[in-house]
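K.L.:
There's a structure below that I have some questions on.
Computed from the coordinates by the stated procedures, all read-outs in this text should not be read as laboratory data. Predicted model, so just to flag it, every value in this text is computed and none were measured. Here the Cβ is made from the backbone with ideal geometry for all residues, glycine too, and neighbour counts use every protein chain on show.
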Amino acid sequence: MKRWLKHLFIPFALIDTALPKAGLIVDIGCGEGTVTLFLSQRPKRRLIGIDRDATRLHLAKVEAKGKKNVRFIKADLLKLSLPKNLSGCVIADVIHHLPRSFHAKLLNTVVRNLKPGGVLVIKEIVTDDVLRSKLSRLWDFILYPKDTIYYRSLKDYTAMLKKTGCQVTHQRTNHLTPASIHLFKATKK
């Protein structure tokens with residue numbers, strides 16, 4: 001997706017504020033690295049962007065040239081191995097592209113690898129927003145025509161995150177965007 005378009009859909013400042021200001025942070029499903037690179041502006045953070053698409057990762061690496069606190073890794077998200085003692089993790093508009101049966105497993109894997117006080121931030125569409133979920137489905141069809149999409153409700157996401165043992169908060173972001181406006185923050189106890 002074009003970078004300027006992502007800036008309309010992604011609440012960069014809110015994600016940045018929700019995450020720790022230092023430590024190792026992983027961006028799962030980083031694509032071209034837009035969120036990863038934004039978060040890397042804080043020099044005490046070390047960022048790892050993970051994606052399965054080599055072309056998008058190449059673009060991310062080109063944009064990150066010269067940044068010493070960023071690296072990108074190609075990996076299958078369904079077979080994800082994460083570093084231990086993560087300070088944070090962000091998953092922005094990715095979960096709905098993964099099989100529904102994998103959602104809880106992914107969240108548990110992330111939380112298991114967070115250090116105490118570590119934070120998982122998820123930006124995702126929810127089925128409760130009927131119009132936005134339909135518009136998001138249109139974007140997904142245009143951008144990822146081969147993907148099967150697995151949206152969930154606000155209640156589902158909250159319940160899955162609480163089952164990990166984290167303290168969970170939820171907020172709606174930019175109400176003017178025609179896409180996902182839900183931001184979940186799960187803090188490991």
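K.L.:
For the residues 133, 153, 101, what sequence is obtained by ranking on other C-beta atoms within 10 Å, fewest first?
P.N.:
101, 153, 133
K.L.:
Could you tell me, in Å, what Rg and Dmax come out for the Cα atoms of segment 13-121?
P.N.:
When restricted to the Cα atoms of segment 13-121, Rg and Dmax are 12.9, 39 Å.
K.L.:
Continuing with this model, one more query. Kirkwood hydrodynamic radius, computed over distinct alpha-carbon pairs, for segment 3-187: how many Å, to one decimal?
P.N.:
16.4
K.L.:
Moving to a separate point now. Considering Cα pairs under 8 angstrom that are at least six residues apart, work out the relative contact order of the chain and quote it in whole percent.
P.N.:
It rounds to 21 percent for the chain.
K.L.:
Which entries of 134/163; 21/123; 44/65; 21/185 show an alpha-carbon separation above 24 angstrom in the structure shown?
P.N.:
134/163
K.L.:
Per 0.36 nm of contour for each residue apart, how much would the distance between residue 53 and residue 149 grow if the chain were fully extended, relative to their Cα-Cα spacing?
P.N.:
Length gained, residue 53 through residue 149: 32.8 nm.
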